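Asker: Could you have a look at this structure, given as structure tokens, before my questions?
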Amino acid sequence: MSVALAGWAALAGCQTETRVVDRRGGMLATLPGATGGGASPRGSARADEPNVGLPGGAPRTELSDGTVLLSARTGRQLMGHIVTTLRNNERELFVEQVLSARTKQEFYDRGLDPELAFDELQHRQRWMNQLFARMPQGEFTPGVLLHRQGDRVYRMTVTGMATQDLRWTHMDMVMEDGSWRLRWFGRE
């Protein structure tokens, strides 16, 4: 009798219950390895290539005439557009839809072509990749702060121990026409 009772207790212990409490998740739901909130493993970054997960969430629309439209509603999506345009060598698209009008104007004011910004990021891609690896979820990464710098300009900054060995610790971005655009990178 005790063997049957023990078997029944073992079977009862094997039952599991799965409930979905909130499909929206919170700001930590998209972190690599998250098991709740509908996190998508496709959006998680791999340690050996930290930017792999970035472009997936960045809206990119290709029209029938071949025109590409980029939209960045978050800093993370802007990071994805930066990575993608650099990787695909899309210089014109970067200047037209990723780089902010303010940054382009600064280049013009100095008598320089804004396409040089693309070249500068190509040369400093290692610095950028190191920064992005420390904030894989953009402004939703724990330890990353988002501060207003001025008129529609925000700074996304890595803080604490995560800044060790970084040449750049922040990315400035500007809201233009409903989409975030790159102002530039720097170190605090």
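Asker: Can you work out which of the residues in region 107-146 that are free of Cβ contacts under 8 Å to residues at least 24 places away in the same chain and on the phi > 0 side of the Ramachandran plot is surrounded by the most Cβ atoms within 10 Å (Cβ to Cβ)?
Answerer: Filtering region 107-146 for residues that are free of Cβ contacts under 8 Å to residues at least 24 places away in the same chain and on the phi > 0 side of the Ramachandran plot, the one surrounded by the most Cβ atoms within 10 Å (Cβ to Cβ) comes out as Gly143.
Asker: Considering only region 51-78, state which residues are touching a His at 6+ places or on another chain (Cβ under 8 Å), under 14 Å from Gln137 (Cα atoms) and modelled with pLDDT of 95 or more.
Answerer: Across region 51-78, the qualifying residue is only Ala72.
Asker: Look at region 92-106 and say how many of its residues are of a type outside the set (Gly, Ala, Ser), closer than 13 Å to Ile82 by Cα and surrounded by 15 or more Cβ atoms within 10 Å (Cβ to Cβ).
Answerer: Count: 6.
Asker: What number of residues within region 173-188 are surrounded by fewer than 21 Cβ atoms within 10 Å (Cβ to Cβ) and outside any loop (DSSP other than H, G, I, E, B)?
Answerer: Just the residues of region 173-188 that are surrounded by fewer than 21 Cβ atoms within 10 Å (Cβ to Cβ), to begin with: 175-179, 184-188.
Filter once more, so that each one left must be outside any loop (DSSP other than H, G, I, E, B): 175-176, 179, 184-186.
Number of matching residues: 6.
The values are calculated or read from the model by the stated rules, or taken from the named source; none is laboratory data. Predicted model only: the values in this text are computed from it and were never measured. Ideal geometry is used to build each Cβ from the backbone, glycine not excepted, and the neighbour counts take in all protein chains shown.
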